[in-house]
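To keep things clear, I will list the structure first and then write my remarks on it.
The values are calculated or read from the model by the stated rules, or taken from the named source; none is laboratory data. All values reported here derive from a predicted model rather than from experimental measurement. FYI the Cβ positions are ideal-geometry reconstructions off the backbone, even for glycines, and counts take in every protein chain you see. The protein model used for the area step is the full one, side chains on, heavy atoms only, and it has no ligands, DNA or RNA in it. Shrake-Rupley method; radii C 1.70, N 1.55, O 1.52, S 1.80 Å.
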Amino acid sequence: IDTFLLLLLLLYSLLLICNEFLGTGYRAANINLSNVLSCGLDGGLADTEFQCDPLPCDVEPNILFADLTIESCVGTQSFETCAFYCEPGFHPSGEISCSLGNWNMDAHCVPDDCSGSPTKIDNMDQFMCTGTVPSGTACEYTCLPGYIRSSDVVVCSEGRWQDRRVTC
């Protein structure tokens, strides 16, 4: 019985190594009595195959406006990255990587920019913004002579001009 208790104590000690000595973020791998405890040629305990593996990221990363493909990141191994995509009107920026079971995120879904001018405004004369403008930008416009604008500006939002209620 003393030998059995000694073996259990040794196994328990080996299991604690991952958390106590290597720190959190690791888990014991290859744990069973046949590969943790074996006899050497001299009758004593031989080297074991016991090891501590870094934890994978088992939860979904939390990125606002990420699309459903973010679920595929669950199970990413430590020290690996995971590609992500965003909902329409947004694009990915940055990178997400797994480190010892936790996500390191310098990643966001950024609103798309707008380019060109709104096409749905009849009788518009000039649009004051040119090139590409970031989401949230308000652009002034003018109407052809004899027409009055319904709003002072048209706003870029998530890659689209919000021009549904804008008229000349």
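Among the candidates Leu37, Leu68, Leu33, Leu55, the residue that is exposed (fewer than 14 other Cβ atoms within 10 Å of the Cβ), farther than 30 Å from Gly159 by Cβ and either over 21 Å from the mean Cα position of the chain (by Cα) or at pLDDT below 90 (or both) is uniquely Leu33.
Residue-by-condition table, conditions (1) of a type in the set (Phe, Trp, Tyr); (2) within 30 Å of Pro61 (Cβ to Cβ); (3) under 27 Å from the mean Cα position of the chain (by Cα):
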site	(1), (2), (3)
Tyr85	yes, yes, yes
Gly89	no, yes, yes
Asn102	no, yes, yes
Pro111	no, yes, yes
Thr119	no, no, no
Met124	no, no, no
Phe127	yes, no, no
Pro145	no, no, no
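Is it true that Val110 is at pLDDT 90 or above, among the aliphatic types (A, V, I, L, M), open to solvent by 30 Å² or more (accessible area, probe 1.4 Å) and touching a Ser or Thr at 6+ places or on another chain (Cβ under 6 Å)? So Val110 passes the test. Going by the conditions given, is Arg160 within 16 Å of Asp112 (Cα to Cα) and surrounded by 14 or more Cβ atoms within 10 Å (Cβ to Cβ)? Yes: the conditions hold for Arg160. Restricting attention to region 74-98, the residues that are open to solvent by less than 50 Å² (accessible area, probe 1.4 Å) and in contact with a Pro (Cβ under 8 Å, 6 or more places away or on another chain) add up to 10.
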